[in-house]
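Report on one structure; see the data block that follows.
The values are calculated or read from the model by the stated rules, or taken from the named source; none is laboratory data. Note that the structure is predicted; figures quoted are calculated from it, not measured. Cβ placement follows ideal geometry from the backbone for every residue including glycine, while neighbour counts extend to all protein chains displayed.
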Amino acid sequence: MSKDNQKNVSRRDFIWKIGIGSVAVSIGGASVLTVRYMKPNVLFEIPTRFRMGMPEDFSPGSVTTDSKRKVFIIRQKTGAFFAISSVCSHLGCITQYRSIDEKISCPCHGSIFNLSGEVLSGPAPKPLQRVLIEINDRGELIVDTAITVSDDYLLRV
Ligand code: FES
């Protein structure tokens, strides 16, 4: 075999390997995309309807913050309950309860709300939304943040 032939064979091998490699990458990529396509795109979101426990777990005159579910559970001194969303009505930041002055404040642009959710100051255009709170047949408090109720809604237990 001449030197020229050896050079041609090695070039041929090189091109063959490049070809095989390209085909392997194409098949691998197509396989990954096919498997990914067959797997459903599911968003795992927190349910809007959930149990909050028994009414006696909440003392009268208390504010309970559930930051994961973005809701405040307020039990008035009379024992009645209501729930308000902690999502600010301005641009949707999560508000926080301040026990020191019993107000709800928004960390983003400084809106302040009272415990009924009414705007006291700041750019928020409307009150915090009151959401459904009810009792199920086992006597547990159920909150549904997807259902809004009127600003005077109260759950009496
Ligand atoms: S998002 Fe709350 S004041 Fe702007």
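How many residues does segment 43-55 contain that are loosely packed, with under 13 Cβ neighbours inside 10 Å and among the aliphatic types (A, V, I, L, M)?
Matching residues across segment 43-55 total 2.
It is to be established whether one or more residues within segment 56-66 are buried (at least 17 other Cβ atoms within 10 Å of the Cβ), of a type in the set (A, V, I, L, M) and over 16 Å from the mean Cα position of the chain (by Cα).
no
For a quick check of your reading of the model, give me the residue pairs whose first member lies in segment 101-113 and is in the same structural domain as residue 64 (by TED's automatic domain parsing) and over 19 Å from residue 151 (Cα atoms), whose second is more than 9 Å from the ligand (Cβ to nearest atom) and not in a loop (DSSP other than H, G, I, E, B), with beta-carbon atoms closer than 7 Å and at least 6 apart or on different chains.
Close Cβ pairs (under 7 Å, with a partner that is more than 9 Å from the ligand (Cβ to nearest atom) and not in a loop (DSSP other than H, G, I, E, B)) amount to 107/96.
Looking at this structure, is residue 157 modelled with pLDDT under 95, away from the ligand (no atom under 13 Å from the Cβ) and over 18 Å from the mean Cα position of the chain (by Cα)?
yes
Taking residue 127, is it over 20 Å from residue 144 (Cβ atoms), modelled with pLDDT of 95 or more and in contact with a Gly (Cβ under 9 Å, 6 or more places away or on another chain)?
Against the criterion (over 20 Å from residue 144 (Cβ atoms), modelled with pLDDT of 95 or more and in contact with a Gly (Cβ under 9 Å, 6 or more places away or on another chain)), residue 127 does not qualify.
Take the conditions within 17 Å of the chain's Cα centre (by Cα), at pLDDT 95 or above and among the acidic types (Asp, Glu) and apply them to residue 144. Does it pass?
yes
Here are some residues: 75, 98, 36. Which one is free of Cβ contacts under 8 Å to residues at least 24 places away in the same chain and under 22 Å from residue 125 (Cβ atoms)?
98
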